[in-house]
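Structure first, commentary second.
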Amino acid sequence: MKEECGVCAFFGKNAEEKIYLMLIQLQHRGQLSAGMTTFNSNEKHLLKTHRGLGLVNSSFKAYDENKFKQILIKHHSNKGIGHVRYSTSGQDDLEYVQPFEREHGRKKKWFSFAFNGSITNYSELKKDLEANGYHLIRETDTEIIQHLISRFLKEEPNNLQNVFHNLAKKIDGSYSLVFINAEGTIIALRDPLGIKPLCYAEKNGEIGIASESVALANIGFDKIKEVPPGKIIEIDNKLELKDFLINNKRAFCMFEWVYFAHAASKIEEKLVYNVRYNLGKELAKLEKEKIDKNCVVVPVPDSSKPAGDGFAEELGLPSKEGLVRNRYLGRTFIETKNRGSKVRQKFSIAKEVFENKKVFLVDDSIVRGNTMKNLIGYIKEYGNPKEIHVRVSCPEVMFPCFYGVDMGSKKEFIANNKLTRNERIEAIRKEINVDSLIYQSIENLVKVIGIDEKNLCLACLNGKYPTKKGEELKNFDDNKIE
Ligand code: SF4
């Protein structure tokens with residue numbers, strides 16, 4: 001499972017450096033590419049965009065001090081936006097790297113923007129644009145948004161609030177978006193349901209905006225606030241918060257707490273680490289196995305570590321790093337169709353942790369189940385445990401995500417929703433070949449996050465999509481399976 005992207009923006013001294021540092025902190029949200037656009041009123045090119053493939057460090061050539069400095073000098077500024085990308089739509093080449101800049105002779109219409117999310121009515125919007133004589137070059141919703149912003153800017157060049165109001169009325173889906181124009185106005189906004197996170201902070205006249213609080217805290221901001229869903233932040237020389245499309249409903253993505261977000265981030269004021277730790281504790285309360293000194297807890301690295309620790313603490317067991325993740329692998333897998341070999345490239349086994357032990361393997365989620373199956377096979381072969389009991393801190397994923405999380409179609413999921421819950425879990429247990437399997441319940445997940453169920457997106461767990469188009473796509477995906 002991969003998150004689509006992370007965004008950030010900065011107003012203040014050395015914006016280029018701050019954006020680079022924030023992107024490093026948002027790296028977990030996208031490793032395909034990174035980029036930034038900065039504004040400088042003294043240059044002929046009022047906006048300058050740097051884009052590169054790979055991790056933030058490679059995109060900004062940080063491996064070569066001179067090249068890195070040249071990029072930062074070229075982008076020296078007091079205003080800018082940044083982006084890290086993983087794609088769920090579009091390909092892996094420079095054409096798709098954000099920010100997308102559109103040059104124009106009129107400053108109000110020359111802009112650059114970046115977004116995190118996914119447009120669920122992409123096909124309709126594409127058809128609509130094509131019917132109006134547009135030619136689309138890429139297979140990505142970013143290009144659609146670019147054309148729509150241009151169109152609305154043509155209609156109302158002096159009112160950015162209305163431009164984004166019109167955009168929001170057109171699109172169904174999730175989005176956190178940052179924008180800058182050649183007059184140096186920064187806009188940041190979050191979809192009216194708040195599916196994707198976005199936060200901001202001000203200190204000593206400087207303003208930072210980022211998908212996650214960890215990026216702002218890292219460059220010295222405190223008092224970090226959530227961008228209210230449906231609100232727009234406009235920055236010329238000071239921050240203004242305006243409405244662009246108010247909706248009283250909320251649909252915060254539960255997976256941000258379970259898996260995507262950095263453990264040190266706060267989402268809706270809840271520390272991600274604490275939520276994961278407490279999910280582990282809650283899971284331990286469901287335990288039926290006999291606990292003795294031969295038991296050990298092993299979390300699947302890295303995002304399951306807090307849940308593993310919480311689970312172990314509740315049961316009075318040690319939590320051990322029996323699976324050691326290769327932290328330097330990045331995206332350099334030796335390409336193979338064999339997932340078993342991918343798992344072996346990714347993890348090493350500390351045999352003594354497993355040997356002859358009753359092992360509780362804690363993971364935060366199982367989607368297709370292939371990785372888990374291969375991991376179990378690998379642990380059995382090299383770790384020689386007495387028993388393996390898998391505990392999952394998120395309930396069964398049974399429905400696709402149409403809001404920017406790459407988890408495929410329902411038919412690929414290991415959890416088949418046509419069975420009863422007990423039958424389903426037993427079928428998965430057999431398939432992954434372990435001694436027992438327990439999943440978190442939806443009720444416990446909601447309780448631990450601490451936000452009313454009606455304000456969370458749980459669509460991939462319960463099939464109830466928070467947007468109209470999401471519901472339509474669910475039926476389409478169901479029909480494909482019949
Ligand atoms: S469907 Fe699942 S992953 Fe997608 S936004 Fe909703 S909760 Fe998040």
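Rule-based calculations on the coordinates, nothing more; no lab input. Since the structure is predicted, the reported quantities are computational estimates derived from the model, not experimental observations. Positions of Cβ are backbone-derived with ideal geometry, glycine not excepted, and every protein chain shown enters the neighbour counts.
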### Task
Output the peptides 201-213, 341-353, 175-187 sorted from most to least packed, where packing is the average of other Cβ atoms within 10 Å over each peptide's residues.
175-187, 201-213, 341-353
### Query
With each pseudo-label sitting 7 Å past Cα toward Cβ, what's the residue 348-residue 313 distance in nm, one decimal?
2.9
### Query
Karplus couplings for the range 31-42 from phi (6.51 cos²θ - 1.76 cosθ + 1.60, θ = phi - 60°), rounded to Hz, Gly and Pro as x?
10, 6, 6, 8, x, 8, 10, 10, 10, 9, 6, 8
### Task
Evaluate the distance, in nm, between pseudo-label points positioned 7 Å from the Cα of residue 42 and of residue 57 along their respective Cα→Cβ axes.
3.3
#### Entry: DSSP-defined antiparallel bridges as percent of all bridges, the chain, nearest 5
80
### Summary
In whole angstrom, the spacing between the Cα centers of the range 31-88 and the range 162-215 equals 19
### Task
Give the order of 425, 432 when sorted by the count of other beta carbons within 10 angstrom, beginning with the fewest.
425, 432
#### Entry: Calculated P(r) tail over 13 Å for the range 422-462, as whole % of Cα pairs
60
### Message
Report the Cα centroid-to-centroid distance between the range 380-404 and the range 242-281 in angstrom, as an integer.
### Response
21
### Principal axis box of the range 311-434, alpha-carbon based, largest edge first, Å
40, 37, 24
### Query
Quick one: 441, 112, 118, fewest Cβ neighbours within 10 Å first, how do they rank?
441, 118, 112
### Query
Roughly how large, in nm² to one decimal, is the mean projection of the convex hull of the alpha-carbon atoms in the range 2-248?
12.4
### Summary
Between the Cα axis of helix 160-170 and the main Cα principal axis of the chain, the angle (0 to 90°, nearest 10) is 50
### Query
Hull surface divided by four, with the convex hull built on the Cα atoms of the chain: how many nm²?
23.0
### Query
At a Förster distance of 22 Å, what's the computed FRET efficiency of residue 436 paired with residue 462, Cβ-Cβ distance as r, to 0.05?
0.35
### Query
Tilt of helix 468-481 relative to the longest C-alpha principal axis of the chain, in degrees (0 to 90, nearest 10)?
50
### Message
Only counting other Cβ atoms within 10 Å, I'd like 83, 135, 147 sorted with the fewest neighbours first.
### Response
135, 147, 83
### Query
Which translational diffusion coefficient, to the nearest whole µm²/s, is obtained for the range 209-322 from the Stokes-Einstein equation, given a Kirkwood hydrodynamic radius over C-alpha pairs, 10 °C and 1.306 mPa s?
96
### Task
Pop a pseudo-label 7 angstrom from the Cα along the beta-carbon direction at both residue 291 and residue 130 and give the gap in nm to one decimal.
5.8
### Message
Expected output is a single nm value to one decimal: the length gained when fully extending between residue 321 and residue 203, i.e. 0.36 nm times separation in residues minus the C-alpha distance. What is it?
### Response
38.5 nm
### Query
³J(HN,Hα) across the range 306-319 via Karplus (A = 6.51, B = -1.76, C = 1.60, θ = phi - 60°), whole Hz, x for Gly/Pro?
x, 5, x, 5, x, 4, 5, 4, 4, 9, x, 10, x, 10
### Task
Would you compute, from DSSP H runs of 4+ residues alone, the mean residue ellipticity of the chain at 222 nm, taking -39500 (n - 2.57) per run and dividing by the full residue count, rounded to the nearest 500?
-9500 deg cm²/dmol
### Task
Using only Cα atoms, tell me the angle between helix 15-25 and the longest principal axis of the chain; keep it within 0 to 90° and round to the nearest 10.
20
